[in-house]
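Notes to accompany the following structure.
The values are calculated or read from the model by the stated rules, or taken from the named source; none is laboratory data. Remember, it's a predicted structure, so these values are computed and weren't measured experimentally. Ideal geometry is used to build each Cβ from the backbone, glycine not excepted, and the neighbour counts take in all protein chains shown. These accessible areas exclude ligands, DNA and RNA; they are computed on the full protein's heavy atoms, side chains included. Shrake-Rupley method; radii C 1.70, N 1.55, O 1.52, S 1.80 Å.
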Amino acid sequence: MTSRYVLREGRPGRVVVARLKPGSDLLLSLQEIAVKEGMEAGVILSGVGLLDEARLRNCRSLPKEYPITDENRTFLSFNRPLEILALSGDICMAEGEPIVHAHLTLSSVDDDTIDVIGGHLIEGCVVFGFAEIILMELEGIDMVKNMDEETRTLQIFA
Amino acid sequence: MTSRYVLREGRPGRVVVARLKPGSDLLLSLQEIAVKEGMEAGVILSGVGLLDEARLRNCRSLPKEYPITDENRTFLSFNRPLEILALSGDICMAEGEPIVHAHLTLSSVDDDTIDVIGGHLIEGCVVFGFAEIILMELEGIDMVKNMDEETRTLQIFA
Amino acid sequence: MTSRYVLREGRPGRVVVARLKPGSDLLLSLQEIAVKEGMEAGVILSGVGLLDEARLRNCRSLPKEYPITDENRTFLSFNRPLEILALSGDICMAEGEPIVHAHLTLSSVDDDTIDVIGGHLIEGCVVFGFAEIILMELEGIDMVKNMDEETRTLQIFA
């Protein structure tokens, strides 16, 4: 089994706690927070709350050659109450701007069955009531995305 | 798309690592830890382990007007081995007491199929063997829940 | 309801951000990072990315007496694109070596249906493209696993 990686070290910095209000788009709010707070490197520590709409991106096929493109992806929309079970990811710099990269896990109920869905966070996930988001800035580390030759995409530490 | 939020900053504080023993109720243990350790603001960094019973709350319908009440919710119980895949959330103060707000993701197997469920953590999630929980206190931030006029519920930074 | 636990305190230490490259085994990479970086206590803050193979362990039955063994477990393999939705867990010392204990949540799509699976992270989860992993070392705490009489397994703070 292979084990190849690039690695850098940083230090924990300030923690930003945000409550998103009704109607807010989850990704756009995170993006706006990262930009306005000037967070150039960070990690999502926690995200909980409720959505009444969601849109998620998943990968349905793998390309023979990198990069993965939208031809490999499925975009699905949901209109129902969805609990935010987990929000994972980080904040990096790409092309001079902070960019939030996050994956989302959501639950809903249909009669007595719980259905859990998830995927890459894109625009279209809308808060109902509230969402509590906790981010931690990372200090002493450059989390900048540059073109990576191997995967032919923007990657940290490339 | 809307992006409305309230935001405050804090600093990382002490980290509390707890191993819950067999038969412990997950939420009640978290609550007891928060109270005994005097954690007035915190974030759940990680939770893994195994349950042999779970009870979860999900939202099945949205009210025409806030607040969401139990009329909008479904409470479901499960009696089987369930791995704790993720535990997300935070610790705030509400009505003078630390309160843990957490969402839980769980997996089980039936023959060769993995079933993932999740929802809002309530009483009735019982540890089998062990659960390892890691909390981080937040310093320099008031995470107090007060009545929010818009959602007609207790909210942080209201 | 019972609430029994053992608890210790530590402090946030350095943060390690790693990008795993194509073909890397997720668990083995985490293990190698923990060993090479000399992390004796830590927490997984975040994990996102894509796999093209996964292998997961779940618990299908409970023993009448501890410990849980492989007789109680189901090991399942998956060959398809799988988004890493969440990676939870910690790094402890067991028998003189750092050991990563993690649980994984994954999503895939089949036509227009999202399927979410998860379980205990074992060898056989292979990165496609990249995975971004963020670990935080914990200082001032001994997270050493010793034999626990009650569960008859290695446990922290036993």
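At q = 0.06, 0.09 Å⁻¹, what log₁₀ I(q)/I(0) does a Debye calculation on the Cα points of the protein assembly as shown give, no solvent, two decimals? Debye curve over Cα of the protein assembly as shown, log10 I(q)/I(0) at q = 0.06, 0.09 Å⁻¹: -0.22, -0.52. Under 13 Å from a label point 7 Å along Cα→Cβ of residue A:62: give me every residue in segment A:121-158 with its amide N that close. Counting only backbone N, you get no residues. Expressed as a whole percent, the accessible surface of chain B that belongs to carbon and sulfur atoms is 43, based on a 1.4 Å probe. Solvent exposure of segment B:77-158 amounts to 34 Å² per residue of accessible area, where only protein heavy atoms count and the probe is 1.4 Å. From helices alone, chain C scores -2000 deg cm²/dmol at 222 nm; the rule is -39500 (n - 2.57) for each run of n ≥ 4 DSSP H residues, then divide by the residue total. Listed by chain and number, the lysines whose C-alpha is less than 18 Å from the C-alpha of residue C:36, apart from same-chain residues fewer than 8 away, are C:21. Simple point charges give the picture: +1 on the Cβ of Lys and Arg, -1 on the Cβ of Asp and Glu, and for segment C:62-154 a dipole about the Cα centre of about 180 debye.
The order of A:75, B:157 by accessible area, most exposed first and with a 1.4 Å probe, is A:75, B:157.
Computed from the C-beta positions of residue C:139 and residue A:139 and an R0 of 22 Å, the FRET efficiency is 0.85 to the nearest 0.05. Under the combined filter of DSSP loop state and at most 13 neighbouring Cβ atoms within 10 Å, segment A:43-100 retains these trypsin sites (Lys or Arg not before Pro): A:64.
Per-residue extension of 0.36 nm, minus the Cα-Cα distance of residue C:69 and residue C:95, leaves a gain of 7.5 nm for this segment. Each chain gives up part of its surface: C and A jointly bury about 4100 Å² of accessible area, both sides summed, for a 1.4 Å probe. Overall, segment B:11-123 carries a charge dipole of about 320 debye about its Cα centre when +1 sits on the Cβ of Lys and Arg and -1 on the Cβ of Asp and Glu, all other atoms neutral.
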